[in-house]
Amino acid sequence: MLHRLFALCGLALLGGVGVATPVLAEPLRIVAFGDSLTAGYGLAASQAFPVRLQAALAAKGHEVVIENAGVSGDTTSAGLARLDWSIPETADGVILELGANDALRGLDPAIPERSLDAILARLKERGIPVLMAGMRAPPNLGAAYQKRFDGIYERLAQKYDVALYPFFLDGVAGNKTMNLPDGVHPTAAGVDIIVARMLPAVEAFIATLKAPAAGEANPG
């Protein structure tokens, strides 16, 4: 009898009879969509903003994959041109960081505003939530230019009701010790400061991605 009992147990295990297989939740997938500040210009791949942000989130207990969709040199117009093929349908959210190159080139602020408007409109159409990272114009372009450029992000965040982190380079811009010799791109230490300061905003954004949709019942 014992031999028969053991044999039956073995068959049950091999066949999966009565064995519950746990279903593991997929991690959230967020695309960091931006320029060289996102891509990690001048740094090792492991030091780039998306990688460091993912590590910081993991340390806080968040299962999130941050995909690096940064392209060095991109203006807002270039970002708009590659938007659909850079952000897959599997994306749960987007961190939008563009505009620095528009400002560095002194482009009319109306140009990045139109492009960012179109990007946000397209992502809304696709049903992909956005955390927008703002940028500020260099002071050498004058107060009038700064006022026009810097106001772009808040206006569009209100228009599309998206989360806004006011200034991506907060704590790093203008700090020689936190930037590469070009004075524009952050060092690895600078990236860590950006991540640390932006982390609460990203965590709040993640919470909205995990929240049930309006009218959807909470499980259990």
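What follows is calculated from the coordinates using simple rules that are stated; it is not laboratory data. This is a predicted model, so every value here is computed, not measured. Glycine also receives a Cβ, built like all others from the backbone with ideal geometry; neighbour counts cover every protein chain displayed.
Once you order the gyration tensor axes a ≥ b ≥ c over the Cα atoms, which shape class does the range 134-177 get: rounded for a/c under 1.5, otherwise prolate or oblate by comparing a/b with b/c?
Values: a/c = 5.38, a/b = 1.38, b/c = 3.89.
Because a/c hits 1.5 or more and a/b fails to exceed b/c, the range 134-177 counts as oblate.
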Computed over the chain: longest principal axis from alpha-carbon atoms vs helix 49-59 long axis, angle to nearest 10 degrees, is 40
ALA55 versus ALA196: modelled label distance in nm, points set 7 Å from Cα along the beta carbon direction | 1.4
Specify the longest stretch of the chain that does not include any exposed loop site, a site being one of the GluC sites (Glu not before Pro) with a non-H, G, I, E, B DSSP assignment and at most 13 other Cβ atoms within 10 Å.
-> 90-215
Relative to the present Cα-Cα distance, how much length would full extension add between ARG29 and GLU89 at 0.36 nm per residue of separation?
-> 20.6 nm
Compute the long axis of helix 110-126 from its Cα atoms, compare it with the longest principal axis of the Cα atoms of the chain, and write down the angle in degrees, 0 to 90, nearest 10.
-> 20
In whole Hz, the Karplus estimates of ³J(HN,Hα) for the range 27-33 (6.51, -1.76, 1.60; θ = phi - 60°; x where Gly or Pro) are x, 5, 10, 10, 9, 8, 10
For ARG114 and THR177 in the same chain, what is the full-extension length gain: residue separation times 0.36 nm, less their Cα-Cα distance, in nm?
-> 19.2 nm
Is the shape of the range 33-106 best called rounded, prolate or oblate, per the rule: a/c under 1.5 gives rounded, else a/b larger than b/c gives prolate, else oblate, with a ≥ b ≥ c the square roots of the Cα gyration tensor eigenvalues?
-> oblate
Enumerate the amide H contacts of ILE95 below 5 Å, restricted to partners 5 or more residues apart or on another chain; note that Pro and chain-start residues carry no placed amide H.
-> VAL31, ALA32, PHE33, LEU131
Pulled fully out, how much extra length does the chain show between ALA45 and THR208, if you take 0.36 nm times their separation in residues and subtract their Cα-Cα distance?
-> 55.8 nm
